[in-house]
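Asks: Sharing a structure with you now.
The values are calculated or read from the model by the stated rules, or taken from the named source; none is laboratory data. These figures come from a predicted structure and were not determined experimentally. Here Cβ is always computed from backbone atoms with ideal geometry, including for glycine, and neighbour counts include all displayed protein chains.
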Amino acid sequence: MRLFPDGGKLFEVISRYDDLLTMERRPDYEPGDTLALIAPFLVLHGISEVDIASLAVKATFTKGAPDLISRLQLGGWKVYCITTAYEQYALHLTHKLEIFSHNVACTAFPLDKLRQLLSKKEASLLQQAEADMLALYPPADDAEIKRRLDGFFREKLPGTEIGQAIAQVKPVGGQRKVAALNRFAEKQGQPLNRWVVVGDSITDARMLETVEKAGGLAIVFNGNEYCLPYATMGLTSTHVSDLLEVLQTWQRGGRKAVERLVKEKENAGGQGDRGHFHWLSGRMDTAQILELHKKARRLVRDEAGKLG
């Protein structure tokens, strides 16, 4: 969104609207559908699939990610990526991590085709909607955000050709992440109590909850308040490779062995900005833990760390 003027501000308003819809638990809405909501404005400003791929070329990994995935694959693990990100971004990064494309679930996004559908009349409608939304920045008035954006996304946009086309964009978040996990599990013939999932945001909450309830291992890495309550354990660190010992322990001894290890590490405490582990399953008071996660989240994810 920052590829065009005021795109960052516009995104913050739309992202807040996304949070409101998610907390409302609207049945036709999933966490992460922000990627469908911003699509009209990417079309309006002429953003292309090449532009998205170029951002992936510049992107850096969380420290330790390539090494962790390489070690897991050498150790016999099957590694998958289930992400809300657009396919042009996700497939480039997962390729660099040597995760096969058939092991990736991401958001299909035919942006270049969508751009061809935009008429002058629809462009004018989008320009007015953008101006109305920017008038709500910074996003503080939830009631007004809800009223104005409902008016555009639920009443005006669906009646346009571009709106009907964009309605086919289904970001992989919320229950769609669960569906992707179930597809991978069925393909491997492995029940969910044999799976480990790692997530950090509202789009991962249902997936984490599903695996935790099944008796698998649901890990929150530098997460936020939307996903922490649904996890088995948490790690705050600037290096995701700090998970390696936990995952090797899971491989050898399962959930009970991991619980013992994590509780030992929790009692010992982390070192600086690395290795802060917590056992979360069955835990009620996570306020102090959440603050640690938020701090690490901002360090690791920078501006994206603010998002739900």
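Asks: Output the number of residues of segment 171-196 satisfying the condition of being under 16 Å from Thr107 (Cβ atoms) and either part of a loop (DSSP other than H, G, I, E, B) or within 12 Å of the chain's Cα centre (by Cα) (or both).
Replies: 6
Asks: Identify, please: which residue in segment 18-64 is of a type in the set (Ser, Thr, Tyr), touching a residue at least 12 places away in the same chain (Cβ under 8 Å) and assigned by TED's automatic domain parsing to the domain that holds Asp142 and is, among those, farthest from His95 (Cα to Cα)?
Replies: Thr22
Asks: Hey, another quick one. Has segment 213-227 got any residue that is surrounded by fewer than 22 Cβ atoms within 10 Å (Cβ to Cβ), over 20 Å from the mean Cα position of the chain (by Cα), part of a loop (DSSP other than H, G, I, E, B) and modelled with pLDDT of 95 or more?
Replies: Yes, some residue in segment 213-227 is surrounded by fewer than 22 Cβ atoms within 10 Å (Cβ to Cβ), over 20 Å from the mean Cα position of the chain (by Cα), part of a loop (DSSP other than H, G, I, E, B) and modelled with pLDDT of 95 or more.
Asks: Every residue in segment 66-117 that is in contact (Cβ under 8 Å) with a residue 40 or more places away in the chain, among the basic types (Lys, Arg) and in the same structural domain as Met207 (by TED's automatic domain parsing), please.
Replies: Listed by number, the residues that qualify are Arg71, Lys78.
Asks: Could you grab me the full set of residues in segment 72-97 that are farther than 16 Å from Thr62 by Cα, polar (S, T, N, Q) and not in a helix (DSSP H, G or I)?
Replies: Thr84
Asks: Please work out which one of (1) outside any strand (DSSP E or B); (2) of a type outside the set (Lys, Arg); (3) in the same structural domain as His276 (by TED's automatic domain parsing) is the condition Glu155 fails and give its number.
Replies: Exception for Glu155: condition (3).
Asks: Determine the pairs where a residue that is without any contact (Cβ under 8 Å) to a residue 24 or more places away in the chain, located within segment 130-144, has a partner that is surrounded by 11 or more Cβ atoms within 10 Å (Cβ to Cβ) with Cβ atoms under 8 Å apart, the partner being 6 or more residues away or on another chain.
Replies: Sorted first by the residue in segment 130-144, then by its partner, the pairs are Asp132/Arg148; Asp132/Phe152; Glu144/Leu136.
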